[in-house]
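*Asks:* Supplied in structure tokens, the structure appears directly below.
Just so it is clear, none of the values below were taken in a lab; they were calculated from the coordinates. Because the structure is a prediction, the values reported are computed rather than measured. Cβ: placed from backbone, ideal geometry, glycine included. Neighbour counts: every protein chain shown.
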Amino acid sequence: MSKDKPEIISDIYSYLKFYNDYKNYPVYANEVKQTDTSFDFQENIAGKPDSIIAGEKQVYEKPVYEMKKANEDIVVEKPVSIYSPREDFSHCDSLDKFYEEIKDCRKCSHLAETRNNLVFGYGNPAAEIVVVGEAPGAEEDKQGKPFVGRAGKLLTDILKAIEFDREDVFICNILKCRPPENRNPLPGEIMNCEPYLFKQLELIKPKMILALGTFAGQTLLKSKEPLGKLRGSFHEYNGIKLLVTYHPAALLRNPNWKKPTWEDVKLFRKEFDSMKK
Ligand code: SF4
């Protein structure tokens, strides 16, 4: 046996231990955050490395193993660097500049290949209210605008019912690109795209946020609670009052959720009015 073998085995052991300890942790820069226990490190490393890129570099780079047999020795190279810095958008001081910055984003290459348009968001750049949905659907992808299909019309009606004009608020989504077949966003895609939403909120500085559906609520609140527990009372996102309610598309599927949604949005309006006093 080669004299190097114990060292090789120790390297493999260390990496397997690392993998086992951190497989559920999305990793940002040099810190480790437990935000999503469903994140599949193995799948994302092995299967979709380009779905988990942050900034211009990958958060995880695919571990490179060079395995060859020479005199029955196996040579294993350790994984290459797996961290990279998060994006820095500090030079973008307006939504327009920020749009120019991300409009050609291809971090989720499978979504970038199938999209017609990146759906950045639409509305008043100085809005007091930001409405956050899940991801563009077919019509949104076609037109490049959020909430323009049937669910969009329902959202306009809901806003009107609580005396908000759609043009006065800003509407956007967690994901800027349409997932094929309108499937749910994947954890890696949310991780790729959420910095864009956070930057939008930083630029707009709304007074209140209305989060529509589970993904919007959980992403903004960094929570794993189901929608039923998140809705019905106010939360805070970076000091901004946030209310979670049902997504209009869900209301089209299940009209029983219209009543609790109505209760939520009335509460939202009441709080908005009391903040203005
Ligand atoms: S979903 Fe977001 S992160 Fe992914 S390609 Fe589209 S804009 Fe980029």
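*Asks:* Filter region 163-178 down to residues that are buried (at least 18 other Cβ atoms within 10 Å of the Cβ), in a loop (DSSP other than H, G, I, E, B) and more than 16 Å from the ligand (Cβ to nearest atom), then give me how many there are.
*Replies:* Residues meeting the conditions: 2.
*Asks:* Show me the helices (runs of 4 or more DSSP H) found entirely inside region 207-267 where at least 3 residues are closer than 21 Å to F147 by Cα.
*Replies:* Ranges flagged: 214-221, 248-253.
*Asks:* Looking at region 128-153, which of the residues that are free of Cβ contacts under 8 Å to residues at least 60 places away in the same chain and within 20 Å of the chain's Cα centre (by Cα) is surrounded by the most Cβ atoms within 10 Å (Cβ to Cβ)?
*Replies:* P136
*Asks:* Restricting to region 154-182, what's the tally of residues that are under 20 Å from the mean Cα position of the chain (by Cα) and not polar (S, T, N, Q)?
*Replies:* The number of residues fulfilling the criteria is 11.
*Asks:* Restricting the search to region 98-124, which residues are within 9 Å of the ligand (Cβ to nearest atom), of a type outside the set (D, E, K, R) and in a loop (DSSP other than H, G, I, E, B)?
*Replies:* C105, C108, L118, V119, F120
*Asks:* Kindly indicate whether any position in region 142-149 is more than 16 Å from the ligand (Cβ to nearest atom) and touching a Pro at 6+ places or on another chain (Cβ under 8 Å).
*Replies:* Yes.
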